[in-house]
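**Q** The following block contains the structure, expressed as structure tokens.
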Amino acid sequence: GAIDALTREQLGAVMDHELGHLAEARNVKLMRRARLLTLLPIVAMGPIINAMGPLGLIGVLAGVVLISVTFKRVARRMEERADEHAHEHGEDPAVYARALEAIYRANDAPGVLGTGVHPNLYDRMVAAGVTPEWPRPLPPSRWRPRLAAGASLLIAAFGLLGLRILTWIVIEIGRESCR
């Protein structure tokens, strides 16, 4: 789709951005791959509860959130760095800004996304020295997704706790019936 939406110069500017990612430090590349490991505690919630109890699970999940936030901040910085690479290596940084605008338009993406890894289109264009012809949109609420994620974690934790209690009750009933 980018080939249809962008000029030859804009494609070159986007490729300069991607080349900026290839120049990332080895530890950043490893971090990007290791990010999937943060899902392991979620998969292993049952054994974690058995070993450490519900409070231990909450502690582990809090650690997962902390690690995820750190990964996200590093990834954001790497996106900004790749943008800077595109600005420095292209003949005109405005070409890169217009390429981003064309990509967002082709994908029907809003100019301000909120809390993603990529900076907002509006801010990326300004960083390239181009003031968009449209006003900066207000970002979406940051609290709604955070509350939803927190509620999901609590529901999962209490669901597992309830399952553990139910299992204990069934085992106790079985013991009583065997006597």
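**Q** Skip the ligands, DNA and RNA, and give the accessible area per residue of region 1-101 with a 1.4 Å probe, whole Å².
**A** Normalised by residue count, the accessible surface of region 1-101 is 62 Å².
**Q** How big is the Cα convex hull of region 120-175 in projection, averaged over all directions, in nm²?
**A** If you wrap the Cα atoms of region 120-175 in a convex hull and average its projections, you get 5.5 nm².
**Q** How large, in percent, is the carbon and sulfur part of the accessible surface of region 45-152 at a probe radius of 1.4 Å?
**A** For region 45-152, the apolar C and S fraction of the accessible surface comes to 61 percent.
**Q** Quick one: grab Rg to one decimal and Dmax as a whole number for region 71-159, Cα atoms only, in Å.
**A** Looking at region 71-159, its Cα Rg and Dmax stand at 16.3, 57 Å.
**Q** What are the GluC sites (Glu not before Pro) within region 84-122 that DSSP puts in a loop, where the Cβ has at most 14 other Cβ atoms within 10 Å?
**A** GLU91
**Q** How much accessible area per residue does region 112-179 have, counting only protein heavy atoms and a probe of 1.4 Å, in square angstrom?
**A** Per-residue accessible area for region 112-179 comes out at 74 Å².
**Q** In debye, nearest 20: dipole of the chain around its Cα centre with unit charges on the Cβ of K, R (+) and D, E (-)?
**A** So the dipole magnitude of the chain works out to roughly 1080 debye.
**Q** Further question: Any chance you could get the radius of gyration and Dmax over the Cα atoms of region 1-125, in Å?
**A** Looking at region 1-125, its Cα Rg and Dmax stand at 18.9, 60 Å.
The values are calculated or read from the model by the stated rules, or taken from the named source; none is laboratory data. This one's a predicted model, so the numbers in the text were calculated from it and none came from an experiment. We place every Cβ from the backbone using ideal geometry, glycine too, and count neighbours over all the protein chains shown. Note: areas computed on protein heavy atoms with side chains; ligands, DNA, RNA excluded. Shrake-Rupley method; radii C 1.70, N 1.55, O 1.52, S 1.80 Å.
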